[in-house]
Amino acid sequence: MCYPRHRFQIAESHSSTPSLGNGCKLPAFVASLLGRGIQRTTGDHTMAAIYIFRTPQLRRPYHFSRPGSIAPAIQILMADPRYKHVVIVAGVGPGLGAALVRKLTSEGCGVGMFARSPEFIGKLATEIGRNALAIPADVSNPKRVAATFYKVRQQLGPIEILIANASGSVGEGLMETSPGQFERSWRIGVYGAFLCVREAVLDMRELRSGAIIFTGATSSVRGRGGAVAFSSAKFAVRGLAQSLAVELWPKGIHVAHVIIDGVIDTAGVRKRPKASAKEPLLNPEAIAEACWNLIQQDRSAWSLEIDLRPNKEAFFE
């Protein structure tokens with residue numbers, strides 16, 4: 001069996017239990033793992049050479065050279081081995097968000113669900129069981145985003161996959177959309193995605209792998225009349241995804257954008273008075289399957305963008 005090697009510095013301690021360098025003691029079971037690997041060196045620090053079992057979260061050796069870098073190592077050690085991956089889905093509602101969570105948990109992932117309202121995700125977590133963690137969150141609030149990511153790390157483990165699915169479709173045309181509505185659409189869809197990515201990448205950089213999936217819409221590629229806020233925000237999310245791909249692909253982090261070119265089939269859509277019986281709809285479970293396939297791509301042939309539409313969809317009308 002292969003034992004990846006981990007190196008990081010911890011403060012010199014006269015106690016038999018290693019510390020984090022700030023007076024805090026490591027959990028006993030972690031300290032026992034570290035204890036047999038510690039090798040004393042001269043100077044004010046102890047260099048720990050740690051050998052631990054390979055887990056799904058540890059695909060290669062990592063070298064932690066800063067005292068503060070011990071935290072990701074401990075998170076990895078504490079990750080629940082039952083989960084194939086730890087995922088966050090930001091923006092979970094009764095349509096695509098719920099379909100993504102069900103697909104991911106069915107594949108053995110532990111999933112943190114973010115939504116403004118606790119009611120739906122609470123029911124979904126009860127339905128799915130221990131693989132799903134419901135966390136009410138405002139993704140446009142930096143402190144709330146940091147706190148919710150911390151909670152997922154504590155309960156599920158380091159984040160390996162992020163699906164940014166939150167959006168705010170508010171307002172209508174230019175004069176019918178207030179400045180507040182325009183800003184809200186951007187804060188949820190673009191700023192919120194930015195904040196979530198910044199948090200998720202902290203873990204992915206240490207793991208040297210990961211996937212970040214942005215969900216787009218028809219408005220990602222062509223502005224829709226009467227939707228200035230939503231269309232401009234979706235354009236921005238696409239640009240964010242492209243920029244991040246250039247930055248993060250070389251670090252082993254797959255960034256991709258999924259254009260959902262059509263109307264998603266939900267109970268709410270079917271109840272709309274204007275809904276046409278002939279209008280082709282996208283099955284949310286099929287979209288979730290496509291996203292899972294995207295996540296599973298080999299890094300020698302990653303996709304930057306895919307577009308999904310029903311077979312009877314009229315192109316660009």
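Just so it is clear, none of the values below were taken in a lab; they were calculated from the coordinates. Note that the structure is predicted; figures quoted are calculated from it, not measured. Cβ coordinates were reconstructed from backbone atoms using ideal geometry, including for glycine residues, and neighbour counts include every protein chain displayed.
Using all pairs of distinct alpha-carbon atoms, the Kirkwood hydrodynamic radius of the stretch 176-259 works out to 13.4 angstrom. The separation of the stretch 186-248 from the stretch 119-163, counted between C-alpha centres, amounts to 19 Å. The charge dipole of the stretch 160-317, taken about the Cα centre with unit charges on the Cβ atoms of Lys, Arg (+1) and Asp, Glu (-1), comes to about 300 debye, rounded to the nearest 20. For the stretch 86-308, the square roots of the Cα gyration tensor eigenvalues, ordered a ≥ b ≥ c, give a/c below 1.5, which places it in the rounded category. A simple spin-label model places pseudo-atoms 7 Å from Cα toward Cβ; at Q296 and R224 they are separated by 3.1 nm. Taking amide H as placed 1.01 Å from N in the peptide plane, I264 has its amide H under 5 Å from the amide H of L282, each at least 5 places away in sequence or on another chain. The lysines within cross-link reach of K151, meaning a Cα-to-Cα straight distance under 24 Å and a gap of 8 or more places when in the same chain, are K25, K84, K103, K123, K143.
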